[in-house]
Each structure stands twice: as structure tokens, then as C-alpha cells.
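Below is one structure, written out as C-alpha cells; comments come after it.
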Amino acid sequence: DGRQGLLQQIGLTRDQFRQLRQMNARHHPIMMAAQQRLREAAASLDEAIYADTLAEGEFETKLKEQQLAQAEVIRIRSMGELAIRKILTPEQLVKFRELRKQFEEMRRENVERRQNRQNNNPIQRPTKN
């Protein structure tokens, strides 16, 4: 997979690979739970917005809950990135940043290609006779 290739390209040692696996094993369930809380908070906010009767106090409460949940996801993601950064040597970090930039450029190009295809091939709607 792409991650495995990335890890090989930056030249991780077995010990570094083990550290990353252990970190991921700890980090993954925490992130999944935070993302679930964010989804639930977003759904709750949506319900408050589109309820039959608008209760602005409830809206404000639900908005704050979603903001806190989103901040928690960002914090967990950032802490995971920091943990990875601490495992890498300075040389590996340089290579990691280069590869990450390449992946981002490829992702952006793929998005642009997809958008161009959609713009050039609009969905044909049936015409009424």
C-alpha cells in the first residue's frame, strides 16, 4: 500500500517501524472515537438548525459542542503527527516532507482532473417531449 512504500522510501529502521505501529495502535481508537463524536455533534447541530421550532440557545449549545469536537479531532491528529515527527531522524524528516509534498501535488492534480471531466461531461438530463 502507499503508506508502506512511503515508509520504505524514508528508510525506517525496524525499531522505528515498531514505534510507529505501537503509536498507531494507541492513536487509532482514540481518533475513531473523536471522529464519531464529531459526526454526532454535527448531526445534533443540524437537527437544532432545522427543528420545527428554532431554539437559539440550543443552537448555540450544539454549535459549541461541534466546535469542541472538531478541536479535539484536530488536537489528536496533530499529536499523532508530532509523535511521528519525533520518531524520524532529521534526514528522514527531509525525505518525508518531500514525499508528502509530492503526494499532495498528485492529490490536487487528481481533483483537478476529476473536476475537468465533470465540467466536460455534464450529466445529460432527459428532455421532456
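The values are calculated or read from the model by the stated rules, or taken from the named source; none is laboratory data. None of these values were measured; they are calculated from a predicted model. Methodologically, a virtual Cβ is constructed for each residue, glycine included, from the backbone with ideal geometry; neighbour enumeration extends over all protein chains shown. Protein only, heavy atoms only, side chains kept; ligands, DNA and RNA dropped before computing areas. Shrake-Rupley method; radii C 1.70, N 1.55, O 1.52, S 1.80 Å.
Across the accessible surface of the chain, with the other protein chains kept in place and a 1.4 Å probe, carbon and sulfur atoms take up 51 percent.
Take Glu104, project a point 7 Å from its Cα along the Cβ direction, then tell me which residues of region 26-52 have their backbone nitrogen under 13 Å from it. It comes to no residues whatsoever. Shape analysis of the chain based on the Cα gyration tensor places the equivalent ellipsoid semi-axes at 37, 28, 12 Å, largest first. Over all other residues within a Cβ to Cβ distance under 14 Å of Arg85, the charged ones net out to +3, with Lys and Arg as +1 and Asp and Glu as -1.
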